[in-house]
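K.L.:
Here it is, the structure in full.
Throughout, read-outs are computed from the coordinates displayed, never taken from laboratory work. This one's a predicted model, so the numbers in the text were calculated from it and none came from an experiment. Counting neighbours? That spans all protein chains shown, and the Cβs are built from the backbone with ideal geometry, glycine included.
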Amino acid sequence: MEDQTSARPAPGAHAPNGLGAGRYAPSPSGELHLGNLRTALLAWLFARASGRRFLMRIEDLDRARDAGAGERQLDDLAAIGIDWDGAAVLQTTRGADHDAAIGRLAAAGLVYECSCTRRDILAAPSAPHAPPGAYPGTCRDRTDEERAAARAAILPRKPALRLRAPEGVHALEFDDLVLGRTRGDIDDFVLRRGDGTVAYNLAVVVDDAAMGVNQVVRGDDLASSTPRQILLQRMLDLPSPPAVEYAHVPLVLGPSGARLAKRDGAVTLAQLRDDRVGAGEVLSTLAASLGLAAPGEPVTTAQLLDRFDASTLPREPWVWRVGAER
């Protein structure tokens, strides 16, 4: 079967409206695999079915992991029929807003330096009520002199910046469109790493608000991050639930039951194309895995949108096996 389109859909195909936006925000660390494409398709379906715009953001802040795959990722999304409104936004262009948000929190006394390594955190006794691996607050209440000494002791490494979470706030609940009522732990999480990179939780909150995103659809492995992000939304006076919707969707697993990876065979569009599997066949396979098409049925994204009903989506992971696209 041939690819649905040989060119990327024209941005802005859907007129902006007052209902807000959904988005897909991949990291350009490599080719999108079937799990990424499935999540992107679901994010598109959720947004378009609710009358929202659909936006694209390339989350390229982590320069060490940037493999320059952003353009290829956009091409692959277009190949299976996903379009978006406006140009894709590069997260690295959003630095001024990230800095301003951290500055606002710091001015309110909600940020402190942390010199701990991951090994330090794992070795430290856990704070009361904290889950395993949570930050124990080692650097939270240091004096200016203690902070200066800790800063000098780790040179040339620089300290990270952590959020000073409110006293007594150890968890937060939210309503998820897929998972239902969901609870997640909160600790003094990192806002900016020691290498200067803004942390995911801060950047995603600031960027979504600036872009008018009020519906976030992503893999359910990120559900545990959402309470931290909601706390930041509230601290920064940004829209938060119920004004912002969250939907964490099941992942795609490889034959071993672990998260899908390159070791599981042909899992990217380029690899499948080499096996003479077109983007249209991939879309059909993804649609069948979501209960939106019969196995092997040729479909378009427009047809899937007509069939989409979030309440009927599978709640369990989909296990990919080589040959499932046939």
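K.L.:
Please report how far the C-alpha centroid of the range 130-148 lies from that of the range 73-96, rounded to the nearest whole angstrom.
P.N.:
38
K.L.:
Suppose each label sits 7 Å from its Cα in the direction of the beta carbon; what would the LEU222-ILE121 distance come out to in nanometres?
P.N.:
Each label point lies 7 Å from its Cα, and together they span 1.9 nm.
K.L.:
Now, a different point. Report the equivalent ellipsoid semi-axes for the chain in whole Å, largest first, defined as the square roots of five times the eigenvalues of the gyration tensor built from alpha carbon atoms.
P.N.:
That gives 38, 21, 19 Å for the three semi-axes.
K.L.:
Taking the Cα centre of each part, how many Å lie between the range 244-320 and the range 209-225?
P.N.:
20
K.L.:
Let me ask you something else. Once you've got the GNM for the chain with C-alpha springs shorter than 10 Å, pick whichever of HIS248, HIS170, HIS98 has the biggest mean-square fluctuation.
P.N.:
Comparing HIS248, HIS170, HIS98 in a Gaussian network model of the chain, the most mobile one is HIS170.
K.L.:
If the label point is 7 Å along Cα→Cβ of SER29, which residues in the range 169-211 have backbone nitrogen under 18 Å from it?
P.N.:
Hits in the range 169-211 for SER29 at 18 Å: 190-205.
K.L.:
Before rounding to the nearest 500, sum -39500 (n - 2.57) across all DSSP H runs of length at least 4 in the chain and divide by the residue total; then give [θ] at 222 nm in deg cm²/dmol.
P.N.:
Calculated at 222 nm, the ellipticity per residue is -9000 deg cm²/dmol.
K.L.:
So in the chain, what percent of DSSP beta bridges are antiparallel if you round to the nearest 5?
P.N.:
Bridges in the chain that DSSP calls antiparallel: roughly 50 percent.
K.L.:
I want to verify a result. In a Gaussian network model of the chain, Cα cutoff 10 Å, which of these has the top mean-square fluctuation: ARG162, ARG52, ARG183?
P.N.:
ARG183
K.L.:
If I stretch the segment between ARG140 and THR300 completely, what's the gain in nm (0.36 nm per residue apart, minus their alpha carbon distance), one decimal?
P.N.:
Here the answer is 52.3 nm.
K.L.:
What's the magnitude of the charge dipole for the chain around its Cα centre, counting Lys and Arg as +1 and Asp and Glu as -1 at the beta-carbon? Answer in Debye, nearest 20.
P.N.:
Around 520 debye, computed over the chain.
K.L.:
With springs connecting C-alpha atoms under 10 Å apart, model the chain as a Gaussian network and identify which of LEU61, LEU41, LEU177 has the largest mean-square fluctuation.
P.N.:
Result for the chain, Cα springs under 10 Å: LEU177 fluctuates most.
K.L.:
What cysteines in the chain have no other cysteine with a beta carbon less than 4.7 Å from their beta carbon?
P.N.:
CYS116
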